Amino acid sequence: MTHAEDFDPTLHRYADGEMTQDEMRTFEARMEANPALAARVAEVMALNEALNMAVPSPQATYFAKMISNISPDISPRSAWPRRAVAAVALLGIGLALGYWGGVTRSAGQGGVPESQLLASASAAHMLYTAEVLHPVDVSGDERDHLKTWLTKRLGAEVRIPTLTQEGFSLVGGRLLPAPYGAAAQFMYETESGQRVTLYLTPTVQMAVTSLKFNTHDGLTAVSWQDPHWHYVLVGAASRSEMEHLAKRVHGDVI
Amino acid sequence: MAKFKAELEAALPAIWRYAYALTRDHARADDLVQDCVERALNKRHLWSADRPLRPWLAKIALNLFRNGLHRDRAHLHLAYDEAGDISDLPVSETHMDARLDARRTLVRVAQLPEEQRHALLLVTVGGLSYAETAEALGVPIGTVMSRIARARHRLKQDPQPVQLRSVT
């Protein structure tokens, strides 16, 4: 049983991201008119996804270490201190968490070092939780608008977790610059004004990690990654409290 | 040298993923990539700074894999936690099924004819463009495309489940 579309080169160029925008539009129009072609594209995309899921993605620091181990003179210092320093120079704040994130293990896949993510997330946390008048760009009352806007800007479906059971209501959210592209920040607060922020930015490579904790000066950052997003939850709370919140967030965004 | 090192570091995740897909084993992928780095560093005078490094590294990795040289080397293995470490998090059964299916797919890819397998893996797992893959394999782009098309066609034709086996 042979299918002509299997050997249609445009199908493979489409699935492998080899097409220009114009070519993609033309091909998508063809797909709409040809269900067999569309079905084959879906199969090929599923195959690509399965292959990518079967292969882990070590973080960038892993390779920096590998290179310096092989040739000590080529890399006198491992990559993380420079990255952490760069992050601090850019952001001014977020030093401690970022540095610590670099020293410990990194979840930043595909060239997004976790130290930078932690530094960005904690800097944004410190900057905006201190704001009384304008802590967010879009208020939590406009939840749907916030979701639509950020989904559009970040290019992947944003889900805004609900933490009311934990006593945190949604203050709102904003768009932020991120080490690679853009990020969203959602702010939550208790009735007593205790604030936590959730920072998320699209992943470069698909991977799933467990929760990681970084604590400094009373601030705790919990970071993890799912196939589509890097998450960093930041708050001035105990590790167990933050863990509880992170698990709730994780359960909500699946 | 700094540029070379930066390019090397940027290219290695793709090469490692390709190596893992070939060997389906963490330690062997490490060995292969380390040998690849060693060779690239020794031969870096052969690389001109205006050319992308990935195809060249992919070619080295492919050759090392073919030669089986990486099996004879003993390397220190860096401590590494599986990127897929999901033990702390609630994992749905469908997710586990998907992972198992994914692993099976990788095993089936290993049974493809060599030339099809390398073209498919460099593009899908390594994330190389058709042009880069063509350069790495030393064939025209059209050949890369037809190998990928044949690989995918074959994977569709041959859907019987393959026994999972461990690689030593």
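Readers should treat all values here as calculations from the given coordinates under stated rules, not as data from a laboratory. Remember, predicted model here, so these are calculated numbers, not experimental data. Backbone-built Cβ (ideal geometry, glycine too); neighbour counts: all protein chains shown.
Annotation for A:Glu131 and A:Thr162: the two label points, set 7 Å from Cα along the Cα-Cβ direction, are 2.6 nm apart.
Near A:Trp229, the amide H atoms lying under 5 Å from its own belong to A:Thr203; only residues 5 or more places off or on other chains count, and H is placed 1.01 Å from N.
Pairs A:Lys152/B:Lys3; A:Lys212/B:Lys3; B:Lys59/B:Lys156; A:Lys212/B:Lys5; A:Lys147/A:Lys247: which are spaced more than 25 Å apart, C-alpha to C-alpha?
Details: A:Lys152/B:Lys3 35 Å; A:Lys212/B:Lys3 32 Å; B:Lys59/B:Lys156 28 Å; A:Lys212/B:Lys5 29 Å; A:Lys147/A:Lys247 21 Å.
With Cα atoms farther than 25 Å apart: A:Lys152/B:Lys3; A:Lys212/B:Lys3; B:Lys59/B:Lys156; A:Lys212/B:Lys5.
Spherically averaged projected area of the convex hull of Cα atoms, the stretch A:4-54: 3.4 nm². Amide H contacts under 5 Å for A:Ala182: none, restricted to partners 5 or more places along the chain or on a different chain, H placed in the peptide plane at 1.01 Å from N. Separation of the stretch A:112-171 and the stretch B:1-30, taken as the distance between their Cα centroids, equals 35 angstrom. Taking every alpha-carbon pair under 8 Å whose residues sit at least 6 apart, the stretch A:125-214 reaches a relative contact order of 24 percent.
3J(HN,Hα) couplings calculated from phi for the stretch A:189-206 with the Karplus curve 6.51 cos²θ - 1.76 cosθ + 1.60 (θ = phi - 60°) are, in sequence order, 9, 7, 4, 7, x, 6, 10, 10, 10, 10, 10, 9, 9, x, 7, 8, 10, 6 Hz; Gly and Pro show x.
Counting Cβ atoms of other protein chains within 10 Å of each residue's Cβ and taking the mean over peptide B:112-125 gives 2. Taking amide H as placed 1.01 Å from N in the peptide plane, A:Val171 has its amide H under 5 Å from the amide H of A:Met187, A:Tyr188, A:Glu189, each at least 5 places away in sequence or on another chain. Overall shape: rounded for the stretch A:117-253, with the ratio a/c of the largest to smallest alpha carbon gyration tensor axis below 1.5. Under 20 Å Cα-Cα from A:Lys65, which aspartates and glutamates qualify once same-chain neighbours fewer than 8 residues away are excluded? Straight-distance partners of A:Lys65: A:Asp73, A:Glu114, B:Glu7, B:Glu9, B:Asp25, B:Asp30, B:Asp31, B:Asp35, B:Glu38, B:Asp81, B:Glu82. Shielding by partners for peptide B:41-48, expressed as the average number of C-beta atoms from other protein chains within 10 Å of each residue's C-beta, is 1.
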